[in-house]
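Everything on this sheet refers to the single structure shown next.
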Amino acid sequence: MPDTLGQNAEDTKETLDQANCASNDVPREDLTGKSEILSVLARAADEPEFKSRLVENPDEALKEYYTLTQEQKMALASGDIQKIESWLGTLDKRLVSWLLYRLGQDK
């Protein structure tokens with residue numbers, strides 16, 4: 001049986017490393033926002049209760065992520081994979097799971 005948990009952790013680490021490899025002239029707020037987006041995606045992938053809160057009331061679920069911009073919150077709430085990947089680069093399967101789930105609800 002393949003070690004999918006280990007592979008998921010590696011994929012997530014690689015995504016985090018890519019986001020953290022931004023040049024030093026990137027404003028700190030941008031790096032904080034990227035980190036917060038990754039945190040939301042990881043939490044949505046790992047915590048079914050948080051995922052349910054994101055569906056029912058995204059504003060309330062994202063309230064504690066106060067450094068996210070309104071644009072970032074809207075992209076997370078709507079499942080805008082293209083916008084989020086334009087900020088972070090290609091996401092691994094684990095992190096993209098919330099976004100795919102959210103998009104599937106709109107059908």
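We did not get these values from a lab; they are worked out from the coordinates using the rules stated. Bear in mind that the values here come from a model prediction, so they are computed numbers and not experimental data. Don't worry about glycine lacking a Cβ; one is built from the backbone with ideal geometry, like all the others, and counts go over all protein chains shown.
Observations on the model:
- FRET efficiency, Gln105 to Thr32 (Cβ-Cβ, R0 22 Å, nearest 0.05): 0.15
- In the stretch 28-105, Cα pairs under 8 Å separated by at least six residues give a relative contact order of 36 percent.
- Segment Tyr66-Lys93, length gained on full extension (0.36 nm per residue, minus Cα span): 7.1 nm
- Karplus (6.51, -1.76, 1.60) ³J(HN,Hα), θ = phi - 60°, over the stretch 35-46, in Hz, Gly and Pro reported as x: 4, 5, 4, 4, 5, 4, 5, 5, 5, 5, 6, 9
- Cross-link table Lys34/Lys73; Lys51/Lys93; Lys73/Lys93; Lys34/Lys63, entries beyond 18 Å C-alpha to C-alpha: Lys73/Lys93
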